[in-house]
Amino acid sequence: MTFSVVEFYGKHSNYSCGYCKQSDSCHSHGMWAHKLSCEDYQDLIDRGWRRSGSYCYKPIMDVTCCPSYTIKCDALNFRMNKSHKKIIKRVNKFLRDGKREPHESNEAENHEPSGDAWGHEHTEAPCKPVNRVDLESLPSMDNPNECSETNMVHADGLFTPKFPDSATSSKDMCDPSTSEMPKKAKLIRIARKREKLQKKGITGEELELLMQAGKGRNIEKSLEDFLAESPTGNEMSAHRLTVKLIRAKDGATPNTFKLYSSYQQHIHKDLPSKLSMDRFKRFLVNSPLKGSTDFGSFHQQYWLDDRLVAVGVIDVLPLCVSSVYFFYDPEFKFLSLGTYGSLRELAFTRARHRVNPSIRSYYMGFYIHSCQKMRYKSNLQPSYLLCPEAYTWHKLDNIVLHKLDQRKYTRLNVDKTVHDAQRPSEQDVKDVLLLVGRSYLRYSEYLLGAQEVPDVSEYAQLVGKVCAKRMMLYGM
């Protein structure tokens, strides 16, 4: 397990908003994460924090122009809608025949996900922290949170889903012009059902009876069923899609930066002069997350034959997969790759659950109800919003939507007696862990030879008492 080192910047006010485009209406608190354990970051995002590279920020919800509610989808109980099915079928059809046919877009597709957990970059990460921390020379802790950093591993094939290769390749076993394609998908579902029954110990005559009994039923296809219909390697198919998982630190390649630059210019209208490899690395390659080989920051690269067409940046955390950013080749916008990528990431989350059962949710960043184009995140259901006062989760249903229609900032937990369970007491503030020089000590020890620092109390309120006593606060 890795310990965290953070540097609290305090309040950042009156800067431009990427959603409503006002020049001085955004307000947030920020801190630089020199090093951040995945456990601590999980706790932080469950308090409304979010990272941009190594810079972490928490919107001041009752002041900022566009209140940003942390949103997560219950991946295990996710239900597809008609739009989702259409998009997957459109991608699979393109892979089979290579035809770029125009499509009629519905309201959900008109707000195609893009960028920061599909939206635009909320806040620019500073070029570098105010202070540099020599992480190699930090003192050892008197607990399992040692200073040593787990060696990163090559992540090719890591977290491979258990369903039939739908997340890694495409090509088919039959001529796509014939009527055999639907039959193939049906056979895959039948084979999967037979395998599940056999794993339960059901064999012989009992197995055949159950298989026959299910033939007449209209069994709803799962997300994995739809993705499994992607062509899987037949030379008769026009294209082959491969999704490759790599560590984020290995993602700073000329090919990836070229794709990112094209996306930013065509989709977000960024000027070429504002795009650089350094900015790209600060935003989407550099990550403070450290920990075991199971967790951390990754890039999911989407290869169409030998061409990189999209990249999904994700954080794999103890309780979730968190979407950081998604960018794609504008030439393939007709495939609705933003939505397709989110469905792939949902399937990836479900696959991770089979390896780490604690992973159950897919975090989509922020839901911004006051920005019409950002409401598409409610299309993934069931989804939940984080109450900005009680830090409890609430289903994104018509009741919550009505509240947000009435007021863009609102307390979601209607029970006024429920308070922030992580709100620090006076003693908790005294127990805040500080890194001073090359030594660590509690804030109460620091006060023996120095004056009170107001920022420490504010910091503890924002990160919660557990993180405040577990993470090292630097820069005092």
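Which condition number does Ser262 fail, the rest of (1) in contact with a helix residue (DSSP H, G or I) (Cβ under 9 Å, 6 or more places away or on another chain); (2) open to solvent by 50 Å² or more (accessible area, probe 1.4 Å) being met?
So the condition that Ser262 fails would be (2).
Among Thr349, Thr392, which is open to solvent by 10 Å² or more (accessible area, probe 1.4 Å) and among the β-branched types (Val, Ile, Thr)?
Matching residue, one of Thr349, Thr392: Thr392.
Take Ser425 and decide whether it is modelled with pLDDT of 95 or more, within 22 Å of Lys11 (Cα to Cα) and open to solvent by 40 Å² or more (accessible area, probe 1.4 Å).
yes
Kindly evaluate Val456 against the criterion of being among the β-branched types (Val, Ile, Thr) and either closer than 30 Å to Trp393 by Cβ or without any contact (Cβ under 8 Å) to a residue 24 or more places away in the chain (or both).
Answer is yes for this residue.
Could you please give the count of residues in the stretch 276-294 that are open to solvent by 20 Å² or more (accessible area, probe 1.4 Å) and either small (Gly, Ala, Ser) or closer than 22 Å to Gly338 by Cβ (or both)?
Of the residues in that region, 4 qualify.
Can you work out which of the residues in the stretch 1-46 that are open to solvent by 10 Å² or more (accessible area, probe 1.4 Å), among the charged types (D, E, K, R) and outside any strand (DSSP E or B) is farthest from Lys269 (Cα to Cα)?
If we take residues in the stretch 1-46 being open to solvent by 10 Å² or more (accessible area, probe 1.4 Å), among the charged types (D, E, K, R) and outside any strand (DSSP E or B), then Glu39 is farthest from Lys269 (Cα to Cα).
Is at least one residue of the stretch 76-88 closer than 26 Å to Pro288 by Cβ, in a loop (DSSP other than H, G, I, E, B), in contact (Cβ under 8 Å) with a residue 60 or more places away in the chain and of a type outside the set (A, V, I, L, M, F, W, C)?
Within the stretch 76-88 (the criterion being closer than 26 Å to Pro288 by Cβ, in a loop (DSSP other than H, G, I, E, B), in contact (Cβ under 8 Å) with a residue 60 or more places away in the chain and of a type outside the set (A, V, I, L, M, F, W, C)), the answer is no, since none of the residues qualifies.
Give the stretch 295-306 a look and list any residue that's surrounded by fewer than 22 Cβ atoms within 10 Å (Cβ to Cβ) and aromatic (Phe, Trp, Tyr), or say none.
Residue satisfying the conditions is Trp303 alone.
For the structure I just gave you, tell me whether Val309 is surrounded by fewer than 22 Cβ atoms within 10 Å (Cβ to Cβ), under 16 Å from Ile246 (Cβ atoms), of a type in the set (Val, Ile, Thr) and touching a helix residue (DSSP H, G or I) at 6+ places or on another chain (Cβ under 8 Å).
When the stated conditions are applied, Val309 passes them.
Right, Lys430: at pLDDT 95 or above, of a type in the set (D, E, K, R) and open to solvent by 40 Å² or more (accessible area, probe 1.4 Å) or not?
It is true that Lys430 is at pLDDT 95 or above, of a type in the set (D, E, K, R) and open to solvent by 40 Å² or more (accessible area, probe 1.4 Å).
Which pairs have Cβ atoms under 8 Å, sit 6 or more apart or on different chains, and link a residue in the stretch 252-272 that is closer than 12 Å to Phe326 by Cα and without any contact (Cβ under 8 Å) to a residue 24 or more places away in the chain to one that is of a type in the set (A, V, I, L, M, F, W, C) and surrounded by 16 or more Cβ atoms within 10 Å (Cβ to Cβ)?
No pair meets every condition.
Given the conditions (1) in contact with a Phe, Trp or Tyr (Cβ under 9 Å, 6 or more places away or on another chain); (2) part of a helix (DSSP H, G or I), which single one is not true for Ile246?
Result: Ile246 fails condition (2) only.
All but one of (1) under 20 Å from Leu227 (Cβ atoms); (2) among the charged types (D, E, K, R); (3) open to solvent by 20 Å² or more (accessible area, probe 1.4 Å); (4) in contact with a strand residue (DSSP E or B) (Cβ under 8 Å, 6 or more places away or on another chain) hold for Arg344, so report the exception by its number.
Among (1) under 20 Å from Leu227 (Cβ atoms); (2) among the charged types (D, E, K, R); (3) open to solvent by 20 Å² or more (accessible area, probe 1.4 Å); (4) in contact with a strand residue (DSSP E or B) (Cβ under 8 Å, 6 or more places away or on another chain), the lone unmet condition for Arg344 is (3).
Is it the case that the stretch 48-55 has a residue that's part of a helix (DSSP H, G or I) and open to solvent by less than 10 Å² (accessible area, probe 1.4 Å)?
The answer is no, given that none of the residues of the stretch 48-55 is part of a helix (DSSP H, G or I) and open to solvent by less than 10 Å² (accessible area, probe 1.4 Å).
The values are calculated or read from the model by the stated rules, or taken from the named source; none is laboratory data. In this text, all values refer to a predicted model and were calculated from it rather than measured experimentally. Glycine gets a Cβ as well: all are built from the backbone with ideal geometry, and neighbour counts include every protein chain shown. Accessible surface areas use protein heavy atoms only, side chains included; no ligands, DNA or RNA. Shrake-Rupley method; radii C 1.70, N 1.55, O 1.52, S 1.80 Å.
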